[in-house]
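To start, the structure under review is shown below, and the notes come after it.
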Amino acid sequence: MNSSLLAIEFLVVVLGLGILLADLWIPSGARRGLAYAAATGLLLVLTLHGGALAPGDDTAFGGMFLVDALANYFKTLFIVATIAVLLISSGYADRLDGYGEYVALTLFALAGMLLAASANDFILMFVALELVTVTFYVLVSFQRRRQSSLEAGVKYLIFGALAAAFMVYGIALIFGSANTTNFYEIASRQAELGKSPVFVIGLLLTLVGLGFKISAFPFQMWTPDVYQGAPVPTTAFLATGSKAAGFVLLLRLAYSVVPEVMARWSHLLLGFAMATMLYGSFAALAQRSVKRLMGYSSIANAGYLLLGIGATNVTGSTAILYFLSGYVFTTLAAFAVISRVTVQDDNDDISVFAGLGNRSPLLAAAMTLALVSLAGIPPLAGFFGKFYLFKAALLQVPTSPLFLVAVLIACVSVVLSLYYYFNIIRVMYWPAQDAVDRPVTVPMAVGISLAACLAGILVVGIFPSGVIGLAHEAVAGLGTPAPEMHVQAHHAAAH
Amino acid sequence: MEPTHLPATNFQDLAWAILLLPLVSALAITLGLRRNRELTTTLSLSAVGIGFGLSVWLFFLYGVSGERLAATPLSWMSVGSLSAHLGLTVDPLSTLMLMVVTGVSFLVHVYSTGYMEDDPEYPRYFASLGFFTFSMLGIVLSDNFVQTFIFWELVGVSSYLLVGFWYEKPAAADAAKKAFLTNRIGDFGFLLGILIVWAATGTVSFDAMAAKLKAEPGILGAAASLAGVLIFLGAVGKSAQLPLHVWLPDAMEGPTPVSALIHAATMVAAGVYMLCRVYFLLDLPAAWPAALSFLGSISALDVIAWTGALTSLVAGVIAIQQDDIKRILAYSTLSQLGYMVMAVGCGGPDAAMFHLTTHACFKALLFLGAGAVIYACHHEQNIWKMGGLAKRMPVTFWTFLLATAALCGLPVLSSGFYSKDAIFAAALASNRPVLFGIGVLVVGLTTLYMSRLVIIAFLGESRSEAASHAADPGRNMTLPLLILAVPSVSLGWLPVGAYFKSAIFPGAVTHSAEGFSDVFFEPFNHSPLGAFLGFGLMAFGLSVAFATYWGAAMDPMPGHLPRLSRALRNRLYFDEIYAATLIPLHDAVAALADWVDRWIVQGLFVRGISGGMDLFGRALRLVQTGNLQTYAFLFVAGVALVVLLALK
């Protein structure tokens, strides 16, 4: 068994344990340092991931664990997002009792995401997702003294349990019908398995679990409440890392494991994609809570991404990767700003943004850039992300006119989103009432992560071809499991 | 000559650095340093100063050798058959222009540290100046039409910010708006022209376009002249040619150093520069689409040449009866821009660029000198309230006089003499004697209004309290004057004209001057008719000015020629004609559009749709009760729905 493939995951877990240990000796005033240490450690892991420890395509643990270009792409994305989340949370440390644990849990959640990116088996997929979800139960309710945080935690717990129950039931059905949970083996027998109603129901229930993670209609109910109640850094992590973890698995299932079965459901997927976009955009229109608004925006964005899943072509999978890369930077930049603006009195009503243009031109400019990118205005990352997703869907129009309808609905959703994103911009620069003229402080660490995210938005947006190239390489292997690796997996299982 | 494609080498980094430095300084000032004057000054001065140093380096590395370098362009986006990229051109044309832009911009920055010293919005001023410099450099370095157009608009925006810098003054705010809107009219034509050329050649890159045109001269077909004229419309707006010239005199409401930078040396020159950059598109035989076939054999160059000549003449005439020192200079700028455009139309883009370069130096000097005068006279701009400044402001006076000599084209001792003569030669060479006549006549007009300005403002006795206490400003304002005086006098002695000729027409045989008499008296040998006629008219203008204005307490012209004077003072009623014709038409269209917008678009569509959307949004919020049982029920119902739909 080639356990060196797990070096990255191993390092992250060790880093988390180290932080937990160090927490015992660090005085409570200096706990911020733990976040810096963790971020530095992750930066190191990232370099190793790109350099010395960069593994070639291989499997481990009897074919359960797979390293390929797609997994590596997402791992980079997860680590980058976690670094930014840690830096944002360092500015929030005073509000989080036991901050050392917060940092460690964030790292464990990251470990779960990394495993999810490499999952090549329904069992590992379930375990990895549960590692993420269970950690998030704690991260969401971390502000124990705030009722809304606790409420959000309980809601997330119950919904997570519900989703996990459906998923594990689904996996049991899959195992019952296929006698295996390995992705490669199921992929090679998908034509035969697709005819078994037991397998199909099992697959559907598994997808329900993933639908919960990415907040797709009709499993999106929890999103606004949890986003609003959770501490801002947790919300940022939910919106980026947790959502991307759902998408990497969805991508693998749809493009690599059971593409033939999924192709039957393309109309269904499109239907849910349209419902998801419209739900997110419509419900966001009347929002005054900025965190809740970001929750609805996150739902709408999941809808756009589902278009790419439904399109089942290379353009679609490439577009998903590109979109998520830009989305991670954009969302983190927005949450970095939100964390600074709302930190003083834990109020995220849109009125606290009033006059931000004068109080902190830097934060206002950063927020504007992020919102403009989310709204999909060229030449920022959000524009090209949507552009490629729509293009992927339009390429499928010859197979079914529903794709055209879906793109038109997506355009309607984009137009609606302009309204609520620009509303925040309007409030920042042209406040209706006299704003509180209280300056907003930006600690260095938050500033660094903000600057990095802004640079990401601009680079991904202005030079899309570079990221598109990387994404294209990452998805090139999807749908064609290498035969010798398949054999290897068999051998390993036999031993 | 085919451009040499090099990998990312230092010339590319240099060009990027020159382009981006002012932007970085502008961003830093806007975002963080709004309250720190010292740092603002250091940052913006060093950004442009380093940019100038690098431009000089780039010029001697690549400009002088005449190499054409095209940076490997960064692909930006590609949609269908349109692929846009970001690319910088480093060639003799752009490297010299880079020096002009960064050089004048640097001196204006230095000068502004004195002129704007007491302004509370000092950092905003420097941020806007930096942003403008960035946009202008973007036009100079661009290697394709799309990029040019983007920077073209950015220049428009930054000029809007600078003209309207004192936005609390209604006149300044109106002038900024007027400049922007007038430019937009020209830009609309420019965009159409770009689209026509792109549709015909399938590329927006200048190099690729030139190559295609060379391989297949008839590629533009019947649209050739139309495309040329439409592209020229962009220059008509930006370089303030008839009939879109009305914004430039009003734009003088901006701070005077801004007028020196934008409305004399750089932005207004962008139009001429662009025409020279795409000269290969303009120099095509006349061909019109069927609907415009009555235009017959009039080519795009004919339109350009006549527009330039008429602008030059009309502006020169109007300038004679202006009393505001900056407005006189503004009309003089219009007149000189007319010369340049006429030169392009007469097949002499090299002469146009030559005059652009010399004009940038001496006109910037004139504006900065005017700024010094205005500053010394406590923001008095009427020349009739000055007088006697020569004694009290010697540095300003002598540099101003040298620049005036250059503007009038004083033989040998001024750069303007050489560049203007190149234009006259081009007009004669292209067999357009009428245009040549207009050009020479304008020399007389130029000398008349400039001598009038110098006599009234600088000579004689002080006519106001402020003028009698005037003094030269501080060193940071006089130093730029002295530095600019050097090229204003001497630039013509260098082979700048020949440089541009080989830059625009690679491989052309250039007349190279050798020996003392040939270098200094070249125009008398090269095109004697223009040189002698120009000299004669200059002497005539000078004597008329002295006879009329020497010792005059007020302008005698309204008394002698009341009608003409009134017409000139009202700027030949251009604004009034527009107010009487275009504006009512525009208002009528606007009223109709307003009605449609208000009742149909707003009322029916927006109110209706947005009301519906809003209602729907609120209804959705009702679902989102926060009640966990409801959520869980909906979740399970959702699962049932999914399974049902999927198995159907």
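Using only Cα atoms, locate the centre of the stretch A:140-208 and the centre of the stretch B:257-330, then give the distance between them in Å, rounded to an integer.
Going from one Cα centre to the other spans 71 Å.
For B:Lys212, list the lysines whose Cα falls under 25 Å from its own Cα; do not include residues on the same chain fewer than 8 positions away.
B:Lys501
Hull surface divided by four, with the convex hull built on the Cα atoms of the stretch A:251-313: how many nm²?
4.2 nm²
Please turn the phi angles of the stretch A:237-248 into ³J(HN,Hα) values with the Karplus equation 6.51 cos²θ - 1.76 cosθ + 1.60 (θ = phi - 60°), one per residue in order, whole Hz, x for glycine and proline.
For the stretch A:237-248, the Karplus-derived couplings read 5, 4, 6, 10, x, 4, 5, 5, 4, x, 6, 5 Hz, x marking Gly and Pro.
With θ set to phi - 60° and the Karplus curve 6.51 cos²θ - 1.76 cosθ + 1.60, what are the ³J(HN,Hα) couplings of the stretch B:137-154 in order, to the nearest whole Hz, using x for Gly and Pro?
For the stretch B:137-154, the Karplus-derived couplings read 4, x, 5, 4, 8, 4, 10, 8, 5, 4, 5, 4, 5, 4, 5, 3, 5, 4 Hz, x marking Gly and Pro.
Could you state the principal axis extents of the C-alpha atoms in the protein assembly as shown, from the largest down, to the nearest angstrom?
110, 63, 61
Starting from the Cα of A:Ser465, step 7 Å along the direction of its Cβ; do the same at A:Asn347; then give the gap between the two resulting points in nm.
Label at A:Ser465, label at A:Asn347, 5.0 nm between them.
May I ask for the Kirkwood hydrodynamic radius of the stretch B:543-648, worked out over all distinct Cα pairs and given in angstroms to one decimal?
22.0 Å
Students often get this wrong, so check it: of A:Lys386/B:Lys648; A:Lys75/A:Lys386; B:Lys178/B:Lys238, which have C-alpha atoms separated by over 20 Å?
Check vs 20 Å cut-off fails for A:Lys386/B:Lys648; A:Lys75/A:Lys386.
Around B:Met386, which amide H atoms from residues at least 5 apart in sequence, or from another chain, sit under 5 Å from its own amide H, with H modelled in the peptide plane?
Those lying under 5 Å, H to H, from B:Met386 are B:Arg463.
Before anything else, pin down the relative contact order of the stretch A:8-494: Cα pairs under 8 Å, at least 6 apart, normalised by residue count, whole percent.
For the stretch A:8-494, the relative contact order is 17 percent.
Between B:Asp323 and A:Leu394, what's the calculated FRET efficiency when r is the beta-carbon distance and R0 is 51 Å? Round to 0.05.
0.20
If the only charges are +1 at each Lys and Arg Cβ and -1 at each Asp and Glu Cβ, what is the size of the charge dipole of chain B around the Cα centre, to the nearest 20 debye?
Value, rounded to 20: 880 debye.
Using amide H atoms built in the peptide plane, which far-off residues or other-chain residues are under 5 Å from B:Val90 H to H?
Distant-sequence amide H within range of B:Val90: B:Leu69, B:Ala71.
Could you give me the ³J(HN,Hα) list for the stretch A:304-315, computed from phi with Karplus coefficients 6.51, -1.76, 1.60 and θ = phi - 60°, whole Hz, x at Gly and Pro?
4, 5, 5, 4, x, 5, x, 5, 6, 10, 4, 4
What ranking of B:Arg432, B:Arg566, B:Arg277 emerges when the number of other C-beta atoms within 10 Å of each C-beta is taken as an exposure proxy, fewest first?
Ordered by Cβ neighbours within 10 Å, fewest first: B:Arg566, B:Arg432, B:Arg277.
Mind running the shape call on the stretch B:344-400? Use the C-alpha gyration tensor, a ≥ b ≥ c as the square roots of the eigenvalues: rounded below 1.5 for a/c, prolate if a/b tops b/c, oblate otherwise.
Prolate.
A:Lys155: which aspartates and glutamates have alpha carbons under 15 Å from its alpha carbon, excluding same-chain residues fewer than 8 sequence positions away?
Straight-line reach from A:Lys155, under 15 Å: A:Asp225.
Taking N as the number of residues in the stretch A:8-494, what is its Cα Rg relative to 2.2 N^0.38 Å?
Ratio of Rg to 2.2 N^0.38 Å for the stretch A:8-494: 0.93.
Ratio of alpha-carbon Rg to the 2.2 N^0.38 Å globular estimate for chain B, to two decimals, please.
1.07
Taking only the Cα atoms of the stretch A:142-294, how large is their convex hull per residue, in Å³?
That works out to 104 Å³ per residue.
Project the alpha carbons of the stretch B:102-163 onto their principal axes and report the range along each, largest first, in whole Å.
The Cα atoms of the stretch B:102-163 stretch 41, 22, 14 Å along their principal axes.
What order do you get for A:Thr240, B:Thr133 when you list them from fewest to most C-beta neighbours inside 10 Å?
With the fewest neighbours first, A:Thr240, B:Thr133 line up as A:Thr240, B:Thr133.
What translational diffusion coefficient, to the nearest whole µm²/s, does the stretch B:137-253 have by Stokes-Einstein, given a Kirkwood radius computed over alpha-carbon pairs, a temperature of 20 °C and 1.002 mPa s viscosity?
In µm²/s, the coefficient is 141.
Give the order of A:Glu9, B:Glu465, B:Glu168 when sorted by the count of other beta carbons within 10 angstrom, beginning with the fewest.
Arranged by neighbour count, lowest to highest, A:Glu9, B:Glu465, B:Glu168 become B:Glu168, B:Glu465, A:Glu9.
Please compute the average number of Cβ atoms from other chains found within 10 Å of each residue's Cβ in peptide B:636-642.
Counting Cβ atoms of other protein chains within 10 Å of each residue's Cβ and averaging gives 6.
Taking amide H atoms as placed 1.01 Å from N in the peptide plane, list the residues 5 or more away in sequence, or in a different chain, whose amide H sits under 5 Å from that of A:Asp58.
A:Val67
For B:Lys391, which lysines qualify as cross-link partners when the Cα separation must be under 25 Å and same-chain residues fewer than eight apart are set aside?
Excluding near neighbours in sequence, the set is B:Lys326, B:Lys363.
We did not get these values from a lab; they are worked out from the coordinates using the rules stated. Predicted, not measured: the structure shown is a model, and the values here were computed from it. Reconstructed Cβ throughout: ideal geometry from the backbone, glycine too, with neighbour counts over all protein chains shown.
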